[in-house]
Amino acid sequence: MSAPRPPRLSERILVLLLPYPDGDAAVGDLREEYRERVSWGASRLSAGLWHLGQALAIATRVRFSGLRGPGLRSDARTAVRQLVRQPGYSLVIITAVALGIGVNAVLLAVADGVFLEPLPYPAADRLGIVSNDHTGSSTDGFGISYLNIDDVRTRLRTVEEMALYLDWQDVNLSGTEQAHRIPANFVTSNYFAMMGLEAHMGRVLAAEDNRPGAAASVAVLTEDTWERVFGADPTVLGRAVLLNGTPFEVVGIVGGGERDLRQRYRDTGSVGIYLPLEAVTTVLGFPLREERGRRFLNALVRLRPGVAFSAAQAELLAMSSDLAREFPEANEGWSYRLTSLSEAFFEEVRTPVLALLVGATLVLLLVSVNLANVVLIRATGRAQEWAMRQALGAGRARLLRQLVAEAAVLTFAGGIAGLLLGNWGLVALLRTGGVQLPAFVSIDMDLRVALSSLGLAVGAGAFIGLVAATGVWRQSLGHDLRESGRSSGSLRARHARSGLILAQVGLAFVLLVGAGLMLESFRTLRNTGYGFDTEDLLLARTDLRGEAYAEPEDRRATAEALLQRAAALPGVEEAFLWSPNRLGYGNWVALLTREDRYALYPQERIEASRHSLRPGTLAAVGIPLLAGRDFGPQDTPEGVPVAIVSESLGRALWPEGDPVGRRMEGYRSGELTTFEVVGVVADARHRTRLIDPFGPQLDVYFPYSQASERFLTLALRSASGGDPTAFAAPLRQSVREVDPDLPVYELTTMESVMRNEEGRSRLAAMLVGLYATLAVLLAGLGIYGVLAHAVRQQTREIGIRLALGARVRGVVARVMGSGLRLTLLGVGSGALAALGVARLLESALYGVDPWNPWIFVAVAILLPAVAVVSCLVPALRAVRVDPVEALRVE
Amino acid sequence: MGEHGFLGEFELVVMLAVLQVGEGAYAVNIRRVIEERVGRSVSRGTVYVTLNRLEQKGLLASSLGEPTASRGGKAKRIFRVRPEGLRAIRATQAMLREMARGLDPLLEES
């Protein structure tokens, strides 16, 4: 076995940075210790990292000691002095670097939280979730059937352990001072060990709690529920509570609810209670073992050590085909899908975060290229200074080091500023609500992120310094003492620079148009309502669940009572009831066809959001009736089933028009029913305000008397100007008076519902805006760089012109002319590109023409304006050329 | 060491460590002796810097040792104390003793 060798990189650092023989000796010393570590059993990786850390520490310590010749410290001091003397130049560079690093830091922080932090479970990399896919369906991730998985679980050889759970239901918890709505997870008892959840008090569920057909009525609370509902009462163990009306005994408290699998749903709140899987029948009314075709469970699996996910997936697929063969009726077209836990949690954010990260890296690269250009130009400007210093005895290496030091100081300052900026940006980003992540993910600027961002800054600095240094090196220094840089910059280099400017102006144009369109679209979105009156609305949900509400008439009576009390609250202008959806949501749907076609023509079924309302509600929320009538007292529970359709649904079912009086078919409480359409209302955006606000809005409205759903939304409108949140407490009180077992949850204002919805678009607009700002800044810098360079080269020529009586205006015009020509070319090509890109953006825009002329015109004015400012500085410098000086240089 | 001829605290420690190791003192075993006797961790960089400084002051002399296989062919830089160094150690210790004279009741460990 050959002896292990420490990383080449860190050895090279030592040799490069330390003078001979110190460097060699240190390399040898570290090799010895490195080998010792490896022989003690340290992994190559950790020993390598240790080695790199030591090499950097030694190199810095020795270099900074300042005793072996002038060290980095004096370089840095000189650099700072240089840069303070040119504040404008320094500020521009620091700003550019700060923006570049800031964007990177934010994305690194997100990526760090999402990709690098291990998931907080034992053997997390072997955990996965099993769900079902169906061939005929565009959506995936269905639940799995108990009978199916029970048949195959013992046959799976790739799986070490499997827990079953149902985690998408909430339950009403009562029998306490106040009723609550609690997110629940029904689990097999091994779930706790697999997830690393331990009881802080009492116990977790045991195998005998899940005895088939004889489930124990026991519940385990999360710490959060224990505190919120029971005030952290230490005597809670053994207490009886009602869950959806069924009595249960509290047997334990677990911590770590924020790590539960429920976290992979956004917006549904952390789990609050664990119940035996067997309790799904008593609490939810789901039959566990009756029907093979009912798919409401998921399985959490831990693979055997060393088994790849693909192997386990393959085995599961084989089982799926077995099942389809044995029970074709229930299993035809269904197949198991295995998702790793990290994929389940981060699937949605992974791609956008990666894309943004790549974008940010490119931006930083662009920043570096531009800055290298500017620094190089400044350096060439100082060619004579360099030559002088060299003639006075400064080593060439020392001069180059000086250049690198200047770049390093600038980028380091920029990096620090960027970190601050990034930190601020991260807070702002998380506040928009556009990024939703599981609660256990903490996204912050930790040390690792900060250091890697600074590392990027230093890397950029080194790159910039090196490019500039190579440039200077190439223009033989002795040469420049005689000639004032006339030869600097070949024609090819100049063309390359012009090309860079052109591309940058073009890119800035495209990004600015994109940002403009997104912002405009966001503004439109804000102003696009739901199609109903959302002002001064307070919303609250409740769920009429349990034995007491088994019959529709009980639900109706309670709904009526709730509504009356709510309307009587002082300061309430009106109160109404919306069910089962919340206003502005459309998750509960009905499948509908024209009469007599439901069974025969399944492909004709149209999915519409369903809403159960009382008479007068449509008028109260301001959804206008276009034809026919509203619900009324004649629509009794026993009367003819009636419905009101939205304009778009009417058109979808009866393209020939006039839906009033026609009949349609769909399921109502488990029975195929024929409904008579009695009215048509205008479209309201219950579900697609953000997705397709101007597309067809398919909604069907039923009278609550005939469709007495369990889920209720109580909506209160305060007397205009009043604060709707002031009703929260009285509303809770009045619900408790009607039935103390009813929970009130999702208490919110329509205002904040809308704000949350807009978070994502606001975020997108913000990000594009940020990239566009950067692009403009970079384009400005680039133009400045190229022009400054040109002026420097023409110093003599300009001097002669001025001496021969050329007018100042003429000189300025000449210089600016060349810059503006480039800019206009860039604007032209950018506009063409933007026309194409805008078309691509179209699907992400709301109510904005992608070729909105105003945005194009605004950008076409803005960019040249920035260019004028960038050109002005070098142009004015050209004017200040003293003819005598310019000529004397010869 | 400067004109006064005394060693700084860490300089003194390093000089003594070189003496403790005796033949073949180089950065790795010098540092190890210090860590063992003083009981606290010392950064490698500081050891290098101090060794360099002491050599520049003419208190230590260094030579390149035999390259060995365990070092991947890199030579050791071996240090030994020069007579001037020994003098400086003595002077520093004498100075410390002088400064501490009469303070025994205060300084003695209880």
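The values are calculated or read from the model by the stated rules, or taken from the named source; none is laboratory data. Quantities reported herein were computed from a predicted structural model and do not represent experimental measurements. Neighbour counts run over all protein chains shown; Cβ positions are idealised from the backbone, glycine included.
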* Asked: If the Cβ limit is 8 Å and pairs must be 6+ apart or interchain, which residue in segment A:642-653 that is surrounded by 21 or more Cβ atoms within 10 Å (Cβ to Cβ) pairs with which residue that is in a strand (DSSP E or B) and of a type in the set (Asp, Glu)?
  -> A:VAL642/A:GLU676; A:ALA643/A:GLU676; A:VAL645/A:ASP699; A:SER646/A:ASP699; A:LEU649/A:ASP699
* Looking at this structure, is A:THR281 among the hydroxyl-bearing types (Ser, Thr, Tyr) and over 37 Å from the mean Cα position of the chain (by Cα)? -> yes
* To do: Among the residues of segment A:126-168, write down those that are surrounded by fewer than 19 Cβ atoms within 10 Å (Cβ to Cβ) and under 27 Å from A:LEU430 (Cβ atoms).
  => A:GLY141, A:TRP168
* Does A:ALA619 satisfy being in contact with a strand residue (DSSP E or B) (Cβ under 8 Å, 6 or more places away or on another chain) and exposed (fewer than 14 other Cβ atoms within 10 Å of the Cβ)? -> yes
* Asked: Among the residues of segment A:474-495, is any of a type in the set (A, V, I, L, M, F, W, C), touching a helix residue (DSSP H, G or I) at 6+ places or on another chain (Cβ under 7 Å) and modelled with pLDDT of 65 or more?
  -> no
* Considering only residues that are in a helix (DSSP H, G or I) and either within 14 Å of another protein chain (Cβ to nearest Cβ) or in contact with a Phe, Trp or Tyr (Cβ under 8 Å, 6 or more places away or on another chain) (or both), look in segment B:22-44 and name the one that is surrounded by the most Cβ atoms within 10 Å (Cβ to Cβ). => B:ALA27
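Going by the structure shown, is A:ARG877 more than 39 Å from the chain's Cα centre (by Cα) and either surrounded by fewer than 19 Cβ atoms within 10 Å (Cβ to Cβ) or not in a helix (DSSP H, G or I) (or both)?
yes
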* Would it be correct to say that B:THR68 is among the polar types (S, T, N, Q), at the interface with chain A (Cβ under 9 Å from one of its Cβ atoms) and surrounded by 13 or more Cβ atoms within 10 Å (Cβ to Cβ)? -> yes
* Asked: With respect to B:GLY73, is the statement that it is at positive phi and within 14 Å of another protein chain (Cβ to nearest Cβ) true?
  -> yes
* To do: Look at A:ALA184 and say whether it is over 33 Å from the mean Cα position of the chain (by Cα) and under 27 Å from A:PRO287 (Cα atoms).
  => no
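Run down A:ALA806, A:ALA790 and say which single residue is outside any helix (DSSP H, G or I) and surrounded by fewer than 22 Cβ atoms within 10 Å (Cβ to Cβ). Break it down stepwise before answering.
Details: A:ALA790 fails: outside any helix (DSSP H, G or I).
Just one listed residue meets the conditions, A:ALA806.
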* To do: Scan segment B:56-63 and give yes if some residue there is polar (S, T, N, Q), within 13 Å of chain A (Cβ to nearest Cβ), loosely packed, with under 13 Cβ neighbours inside 10 Å and over 23 Å from A:ARG35 (Cβ atoms), otherwise no.
  => yes
* Asked: Within segment A:1-36, restricting attention to residues that are surrounded by fewer than 21 Cβ atoms within 10 Å (Cβ to Cβ), touching a helix residue (DSSP H, G or I) at 6+ places or on another chain (Cβ under 7 Å) and not in a helix (DSSP H, G or I), which residue is farthest from the other protein chains (Cβ to nearest Cβ)?
  -> A:PRO7
* Restricting to segment A:293-338, what's the tally of residues that are over 30 Å from A:ARG181 (Cα atoms) and outside any helix (DSSP H, G or I)? -> 15
* Per-region count, segment A:817-869, residues of a type in the set (S, T, N, Q) and within 30 Å of A:ARG689 (Cβ to Cβ) -> 2
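One line per residue, one yes/no per condition, for (1) modelled with pLDDT under 75; (2) over 30 Å from A:PHE345 (Cβ atoms); (3) among the aliphatic types (A, V, I, L, M); (4) crowded, with 16+ Cβ neighbours inside 10 Å:
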position	(1), (2), (3), (4)
A:SER74	yes, yes, no, no
A:THR95	no, yes, no, yes
A:ALA98	no, yes, yes, yes
A:ALA111	no, no, yes, yes
A:PRO120	no, no, no, no
* To do: Would you be able to say whether some residue in segment B:85-104 is within 14 Å of chain A (Cβ to nearest Cβ) and touching a helix residue (DSSP H, G or I) at 6+ places or on another chain (Cβ under 8 Å)?
  => no
* How many residues, within segment A:349-366, are surrounded by fewer than 17 Cβ atoms within 10 Å (Cβ to Cβ) and touching a residue at least 12 places away in the same chain (Cβ under 8 Å)? -> 4
* Asked: Name the pairs: first residue in segment B:53-78 and part of a helix (DSSP H, G or I), second residue hydroxyl-bearing (Ser, Thr, Tyr), Cβ to Cβ under 6 Å, at least 6 apart or on different chains?
  -> B:GLU55/B:SER62
* Count of segment A:184-213 residues which are on the phi < 0 side of the Ramachandran plot, touching a residue at least 24 places away in the same chain (Cβ under 8 Å) and outside any helix (DSSP H, G or I) -> 17
* Asked: In segment B:1-21, what residues are without any contact (Cβ under 8 Å) to a residue 60 or more places away in the chain, surrounded by fewer than 21 Cβ atoms within 10 Å (Cβ to Cβ) and within 23 Å of B:GLU66 (Cα to Cα)?
  -> B:GLN20, B:VAL21
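Matching residues to (1) closer than 29 Å to A:GLY799 by Cβ; (2) within 39 Å of the chain's Cα centre (by Cα); (3) surrounded by fewer than 17 Cβ atoms within 10 Å (Cβ to Cβ); (4) of a type outside the set (D, E, K, R):
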{"site": "A:MET816", "(1), (2), (3), (4)": "yes, no, no, yes"}
{"site": "A:THR823", "(1), (2), (3), (4)": "yes, yes, no, yes"}
{"site": "A:VAL827", "(1), (2), (3), (4)": "no, yes, no, yes"}
{"site": "A:LEU841", "(1), (2), (3), (4)": "no, yes, no, yes"}
{"site": "A:ASP849", "(1), (2), (3), (4)": "no, yes, yes, no"}
* Structure fact -> How many residues of segment A:37-55 are within 14 Å of another protein chain (Cβ to nearest Cβ) and among the basic types (Lys, Arg)? The answer is 1
* Being within 31 Å of the chain's Cα centre (by Cα) and at negative phi is the filter here, so list the residues in segment A:582-621 that pass it. => A:ARG582, A:LEU583, A:TYR585, A:GLY586, A:ASN587, A:TRP588, A:VAL589, A:GLU607, A:ALA608, A:SER609, A:ARG610
* Count, please, the residues in segment A:219-267 that happen to be buried (at least 21 other Cβ atoms within 10 Å of the Cβ), in a strand (DSSP E or B) and either modelled with pLDDT under 90 or among the β-branched types (Val, Ile, Thr) (or both). => 7
